[in-house]
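Laboratory data are not the source of any read-out in this text; all were calculated from the coordinates shown. Note that the coordinates shown come from a computational prediction; the quantities given were computed from them, not determined experimentally. Every residue, glycine as well, gets a Cβ built from its backbone with ideal geometry; the counts of neighbours run over all protein chains shown.
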Amino acid sequence: MTKKRNNPRIAVHTYDELMDVADSTREQLDAYKHHITICVAAGCISQSSDKVLEALIAGAEERGMLDEVEIKGVGCLGLCAKGPLLRIDPEGILYHGVTVDDVDTILDTLKKGPNKKLLLSEEIPFFKRQQKVVLENSGYIDPESLPEYIAAGGYQGLFRALTEMGPNDVINEVTKSGLRGRGGGGYPTGLKWVTVAKADSNVKYVICNADEGDPGAFMDRSVLESDPHRVIEGMAIAGYAVGASKGYVYIRAEYPLAVERLKLAIRHARQAHLLGNNIFGTTFDFSIDVRLGAGAFVCGEETALIASIEGKRGIPRPRPPYPADLGLWGKPTLINNVETFANIAPILRNGGDWYAAIGTEQSKGTKVFALAGQIQNTGLIEVPMGITLREIVYDIGGGLPDGRHFKAVQTGGPSGGCVPEQFLDMPVDYESLREVGTIMGSGGMIVMDDSSSMVNVARYFMEFSMSESCGKCIPCRVGTRQMYDLLDKFVKRTATQRDYDMLVELCDLCQNTSLCGLGKAAPNPVISTMKYFNEEYQESMLQNEEALMGEKAE
Amino acid sequence: MPAPAPSVDYSTDKRWKIVEATMRRNGYQPDALIETLHTVQELFGFIDENALHFVTSKLPVSPSKALGVATFYHYFQMKPQGKHTCSICTGTACHIKGGEEILEDIRDHYMLNPGETTPDGKVSLLTVRCIGACGLAPAAVMDGEVVGNLTVEMIREQFDTWMAEEDDEETE
């Protein structure tokens, strides 16, 4: 962003000071008659939203409007397909696909009313059907401004935890909320915290896993680009609960904008004494360091991630011992995903019961999904658990483009599977997805139409797992290679029944004997496509045998 | 066996001072290795033997370990890159929406495979595992900027522009 938002030097030691910042920031914002906000997350920036922002500020300056109109960049508004997106408040006008040429039209809107050509209704199901917890600030606050986060209720959860609750109360609240790990595994967050809290050591660590490696997933990137302080607050609360005073964020180097905003947010929080020693005048100290990943999918696995932070090759080790007992530098370590931490502050602010009221019996709360592939409304969505796939694909997603026919939706990336049409009315929660042979995963949802070959999709994911295998254990290193070669035969229609049987056997072997999650889950895309789209495997074999017969006849 | 002697004088290039600053910031501990390699790549564009020699002479890490780490991670480049780089995203959404065809076209039209650089040193082609711009699939990162909704024509136009550039800065 060209116009750096003013971040006045603030220091927050007490609740009153926190409220002062919130009130004065709100006052400042309320002084403006109009607010024009434009998305400056990576998706919209690649469509030049940063240049539109610049031009808008210049245009408004020329017209002498800057005193009454606030113009700023904000985080992701969700509907990436129609970007760059721009909002005008309090009018509540949403524009899509804005360009530098539209600057005059946008500024005219304040006097003349909305321009029909650019207008996008917020009444469409894409916006109506969502429920925002993690993304509540995304698209409303300036991600580079700490005061704006505080004005939106930020750091109140941390204050409450530190001054009104003991570490056990915090953990109880998280347990009560029913929150489960959003990185894909779905392990109960409260339980994980208890284990680390109980571990006997005076040095412990908190790690935020932002190594979002699943191809087709960009939830963590958007959260960090749109509302980084939320993750910092969640980590600090976790640190207090488990007894850690040092945190690390392990983030992909491929997300430069997210890295930049996160580092800036950490610096602002430190300057404001919201990180560092004696936070809110208590005895609690907490600091956060950023560690850059370097492009290894396997580093999403906890023990590999720890090895990488220690400066080594990202190779997993057998568990147990789990990181909760023996983690970073041999100390008890809590590892949670970005989205998990992003849920913590609202849980502390509103209470665990409030959170537990959202979602289903087993899967509480909301889930952020990255909707992509052959679908009208690609973008970032947040929905309550238990919503059906049909609602996601057809209502929120707007269905498939150009009258294409739905074939499957892929969740969980290379560790997940494909859900065919007959399960469209199934609720989206951890258990239901597992029942049909896929996983929640971190939240990538790729919609495929009937032009996609499922054998090809299976080969694509196997190629991924093959090249990302760290090479430590043989079932994964050799197995993924062999399965890839077999799948390649199917794609090239040279496979035989023997190849088919071998593939089934290798899936079983790799699944049951690999060391870590990468290898154990690598066969999932093959198993699920073999189950639901077996005819495609059969077809490529059949034709091949026919071809062989033909050759013999000649 | 001692590591091969470096073929450069580290005192003449100020960039090594910045590399050293990263190591200092991390207390010259073994876990500074990956952060330091990031700094090297940022400054030099790639990591070569001289860089590894420099880093391992300051950190308590053996050259073989450092080479192991540098080659383990996809993000680290061990060869000099071209003047321009184009990283095609090979994430799922981009794959479904035609990223593969774009790679094939570059292969056929410019005889360039991922990881290679054109003979004139102008353009390097890389692939990247999902840049998180799935909403704009197929996408690529061209000289650090994300470009979405790619077509074969767009890629060709960009490549042709890059390759037609005069070598005016080469003499520097």
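Label reach from residue A:124 (point 7 Å along Cα→C-beta): in segment A:375-418, amide nitrogens under 16 Å belong to A:375-382, A:392-403. Compared with the dominant Cα axis of chain A, that is its longest principal axis, helix A:228-242 is turned about 80°.
Can you tell me the FRET efficiency between residue A:65 and residue A:271 if r is taken as the Cβ-Cβ distance and R0 is 22 Å, rounded to the nearest 0.05? Walk me through the numbers on the way to the answer.
Working: r = 32 Å, r/R0 = 1.44.
Once the sixth-power term is evaluated, E becomes 0.10.
Close amide H partners of residue A:186, meaning residues 5 or more places away or on another chain with modelled amide H under 5 Å apart, are A:181.
From other protein chains only, count the Cβ atoms within 10 Å of every residue's Cβ in B:68-76, then give the mean. Provide the component values of the computation, followed by the final result.
Values: counts 2, 6, 2, 1, 12, 10, 7, 8, 3.
Counting Cβ atoms of other protein chains within 10 Å of each residue's Cβ and averaging gives 6.
Each Lys or Arg adds one and each Asp or Glu subtracts one; over the other residues with Cβ under 13 Å from the Cβ of residue B:27, this totals -1. Were the residues from residue A:168 through residue A:30 laid out at 0.36 nm apart, the gain over their Cα-Cα distance would be 45.8 nm. Scaling the Cα radius of gyration of segment A:194-233 by the globular reference 2.2 N^0.38 Å produces a ratio of 1.58. Candidate cross-link partners of residue B:17 among the aspartates and glutamates, defined by an alpha-carbon separation under 20 Å and a same-chain spacing of 8 or more, comprise B:9, B:31, B:35, B:42, B:48, B:49. Shielding of peptide B:133-144 by partners, expressed as the average count of other chain Cβ atoms within 10 Å per residue Cβ, is 6. Subtracting the Cα-Cα distance of residue A:493 and residue A:451 from their residue separation scaled by 0.36 nm leaves 13.4 nm. Look at where the Cα atoms of segment A:337-380 and of segment B:93-172 average out, and the two centres are 36 Å apart. Tell me the angle of helix B:49-58 to the major Cα principal axis of chain B, expressed in degrees between 0 and 90 and rounded to the nearest ten. The two axes meet at around 40 degrees. The calculated 222 nm mean residue ellipticity attributable to helices in chain B amounts to -12500 deg cm²/dmol, summing -39500 (n - 2.57) over DSSP H runs of n ≥ 4 and dividing by all residues. Between residue A:71 and A:36, the built amide H atoms are under 5 Å apart, and every one of these is 5 or more places off in sequence or on another chain. Any idea what log10 I(q)/I(0) is at q = 0.11, 0.13, 0.18, 0.24 Å⁻¹ for segment A:403-489, Debye with uniform C-alpha scatterers and no solvent? Here the Debye-derived log intensity ratios amount to -0.35, -0.48, -0.84, -1.17.
So how tilted is helix A:454-468 from the main axis of chain A? Cα-based, degrees 0 to 90, rounded to 10. Its long axis makes an angle of about 70 degrees. DSSP finds beta bridges in chain B, and of those with both partners inside it, around 55 percent are antiparallel. The 3J(HN,Hα) values that the Karplus relation (6.51, -1.76, 1.60; θ = phi - 60°) gives for segment B:83-91 are, in residue order, 4, 10, 10, 10, 9, 7, 6, 10, x Hz. Gly and Pro appear as x.
With both labels modelled 7 Å from their Cα along Cα-to-Cβ, the residue A:539 to residue B:28 distance reads 6.5 nm.
If you take the Cα centroid of segment A:257-302 and the Cα centroid of segment A:417-436, the two points sit 36 Å apart.
Measure out, as a whole number of angstrom, how far apart the alpha-carbon centroids of segment A:456-493 and segment A:149-181 sit. Here the answer is 43 Å between Cα centres. Per-peptide packing, taken as the mean over residues of other Cβ atoms within 10 Å, places A:8-18, A:454-464 in the sequence A:454-464, A:8-18 from highest down. Where only DSSP H runs of four or more residues are counted, chain A gives -13000 deg cm²/dmol as its mean residue ellipticity at 222 nm, each run worth -39500 (n - 2.57). The lysines within cross-link reach of residue A:407, meaning a Cα-to-Cα straight distance under 29 Å and a gap of 8 or more places when in the same chain, are A:82, A:128, A:132, A:364, A:367, A:489, A:492, A:520, A:531, B:97.
Within straight-line reach of residue A:331, meaning a Cα separation under 22 Å, sit the following lysines at least 8 residues removed in sequence or on another chain: A:192, A:198, A:204, A:246, A:312. Under Stokes-Einstein, with the Kirkwood radius over Cα pairs as Rh, the value for segment A:11-133 at 20 °C and 1.002 mPa s is 138 µm²/s. Net length available on complete extension from residue A:13 to residue A:111 is 30.9 nm, with 0.36 nm assigned per residue and the Cα-Cα distance removed.
Taking K and R as +1 and D and E as -1, what net charge do the other residues with C-beta under 13 Å from the C-beta of residue B:132 add up to? Here the charged neighbours net out to -3.
Quick check on segment A:165-288: take the gyration tensor over C-alpha atoms, sort the square-rooted eigenvalues as a ≥ b ≥ c, and tell me if it's rounded (a/c under 1.5), prolate or oblate. Walk me through the numbers on the way to the answer.
Details: a/c = 2.00, a/b = 1.19, b/c = 1.68.
Oblate.
Peptides A:382-394, A:141-153, ordered by how many other C-beta atoms sit within 10 Å of their residues on average, highest first, read A:141-153, A:382-394. Think of each Lys and Arg Cβ as +1 and each Asp and Glu Cβ as -1; about the Cα centre, that makes the dipole of the protein assembly as shown roughly 2260 debye.
For chain A, what does the alpha-carbon gyration tensor say about shape, rounded, prolate or oblate, given a ≥ b ≥ c as the root eigenvalues, a/c under 1.5 as rounded, and a/b over b/c as prolate? It is oblate, given that a/c is not under 1.5 and a/b is not larger than b/c.
If you wrap a convex hull around the Cα atoms of segment A:442-554, how much volume per residue is inside, in Å³? Mind dumping the intermediate values first?
Details: hull volume 12.0 nm³, N = 113.
Considering the Cα atoms of segment A:442-554, their hull volume per residue is 106 Å³.
As a calculated quantity, the FRET efficiency between residue B:152 and residue A:405 at R0 = 22 Å, using C-beta atoms, amounts to about 0.30.
Quote the charge dipole size of segment B:1-158 about the Cα centre in Debye, to the nearest 20; the model charges only the Cβ of Lys and Arg (+1) and of Asp and Glu (-1). Present the calculation step by step, with values, prior to reporting the outcome.
Details: 14 positive and 19 negative charges, 131 e Å.
The dipole magnitude comes to about 620 debye.
For residue B:126, the residues 5 or more places off, or on other chains, whose built amide H falls under 5 Å of its own are B:86, B:87, B:88, B:115. Counting Cβ atoms of other protein chains within 10 Å of each Cβ in B:85-98 and taking the mean gives 6. Is the shape of segment A:132-238 rounded, prolate or oblate, going by the alpha carbon gyration tensor and its root eigenvalues a ≥ b ≥ c, with a/c under 1.5 for rounded and a/b larger than b/c for prolate? Cα axes put segment A:132-238 in the oblate bin.
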